[in-house]
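Read through the structure below, which is laid out as structure tokens, and then see the notes.
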Amino acid sequence: METLRDILDAAARGVFPPADGGTTVVPQHSARDAGVLCFTAHSVVFTDEDPRWVRETLAALDCDALAATMNPFFLAAFMERTGRACDTVDALLVGPPLPGEPALALKEIEDASHPRVRYARRRRDDVRVWSVDGGMLAMGRGVGGRLEVSVEVYAVDTADADARRRGLGRALVTAARQIAGEPLWAQIAPGNARSMRAFQAAGYVPVGSEALLLAR
């Protein structure tokens, strides 16, 4: 049986589910993560709930079938049934690994009590976090066991500091591709245009969207 990881690994290679308007239901990779992936004209629901419930709930919606899995009524029903929460629907991007060494002077943070480390560990396994002047980079195993990246560029209050840090987000996510050694995934709120531009400029490409349901 095809697994969530199989689907993600194929998408990272540019091989997607058939654009047939269908929905594939697969088991969760872990107890932590359930949710929905949307590719072009095909959705993937990853859950340990009965697949019949998923299909019957989708069929009962009064909306375009292609949009049903991301319809607010379906996501609300999904959350109610599983007792989970969902923050947003994210754009899903992936970048292949890059050769070479990062140009940034990254310093790995090994303090498990650091706020960024604690936050990352709530959502991912095998978390590693690096700091650099003006920002931070985190990587870990998330949905389906894929390697995920997130970055933070600190807010500044002077024009000079802002000029010095311009381009840091792009540099951080480029460095992440050099560290990763495998396809690297990012979930980005579509409204975060600055982050979207930074990731795309660093060679990450959009592959779909994702609604991640986390245990409360």
> When the stretch 3-20 is examined, which residues are found to be out of contact with any helix residue (DSSP H, G or I) (no Cβ under 6 Å at 6 or more places or on another chain) and either more than 17 Å from Pro183 (Cβ to Cβ) or not hydrophobic (A, V, I, L, M, F, W, C) (or both)?
Replying inline: Thr3, Asp6, Asp9, Arg13, Gly14, Pro17, Pro18, Ala19, Asp20
> Looking at the stretch 22-31, which of its residues are of a type in the set (Val, Ile, Thr) and either touching a residue at least 40 places away in the same chain (Cβ under 8 Å) or under 14 Å from Gly145 (Cα atoms) (or both)?
Replying inline: Thr23
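Residues are listed down the side, and each one gets a yes or a no for (1) among the basic types (Lys, Arg); (2) without any contact (Cβ under 8 Å) to a residue 60 or more places away in the chain:
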residue	(1), (2)
Leu8	no, no
Val15	no, yes
Asp20	no, yes
Asp33	no, no
Cys38	no, no
Arg55	yes, yes
Ala60	no, yes
Leu66	no, yes
Met70	no, no
>> For the stretch 103-126, give me each residue that is open to solvent by less than 100 Å² (accessible area, probe 1.4 Å), at pLDDT 85 or above and within 24 Å of Arg32 (Cα to Cα).
In response: Arg123, Arg124, Asp125
> Quick check, is Gly14 on the phi > 0 side of the Ramachandran plot and open to solvent by 40 Å² or more (accessible area, probe 1.4 Å)?
Replying inline: yes
> Can Ala59 be described as within 25 Å of Gly191 (Cα to Cα) and at pLDDT 95 or above?
Replying inline: no
> When the stretch 7-42 is examined, which residues are found to be assigned to a strand (DSSP E or B), within 17 Å of the chain's Cα centre (by Cα) and either over 24 Å from Pro96 (Cβ atoms) or not charged (D, E, K, R) (or both)?
Replying inline: Ala34, Gly35, Val36, Leu37, Cys38, Phe39
>> Any residue that is farther than 19 Å from Pro206 by Cα and at pLDDT below 95 - is there at least one of those in the stretch 41-53?
In response: no
> Do we have Leu98 as crowded, with 17+ Cβ neighbours inside 10 Å and modelled with pLDDT of 95 or more here?
Replying inline: yes
>> For the stretch 63-79, check the following and say yes or no: at least one residue is in contact with an Asp or Glu (Cβ under 9 Å, 6 or more places away or on another chain), farther than 18 Å from Leu212 by Cα and open to solvent by less than 50 Å² (accessible area, probe 1.4 Å).
In response: no
> So is Asp50 open to solvent by 80 Å² or more (accessible area, probe 1.4 Å), over 23 Å from Arg128 (Cα atoms) and free of Cβ contacts under 8 Å to residues at least 40 places away in the same chain or not?
Replying inline: no
> Which pairs have Cβ atoms under 7 Å, sit 6 or more apart or on different chains, and link a residue in the stretch 99-113 that is over 15 Å from Ala202 (Cβ atoms) to one that is of a type in the set (D, E, K, R) and not in a loop (DSSP other than H, G, I, E, B)?
Replying inline: Glu108/Arg128
>> Which count do you get for residues in the stretch 55-77 that are of a type in the set (A, V, I, L, M, F, W, C) and farther than 15 Å from Cys38 by Cα?
In response: 7
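The values are calculated or read from the model by the stated rules, or taken from the named source; none is laboratory data. Please read these numbers as outputs of a predicted model, since none were measured by experiment. Cβ: placed from backbone, ideal geometry, glycine included. Neighbour counts: every protein chain shown. These area figures cover heavy atoms from the full protein model, side chains too; ligands, DNA and RNA do not enter into them. Shrake-Rupley method; radii C 1.70, N 1.55, O 1.52, S 1.80 Å.
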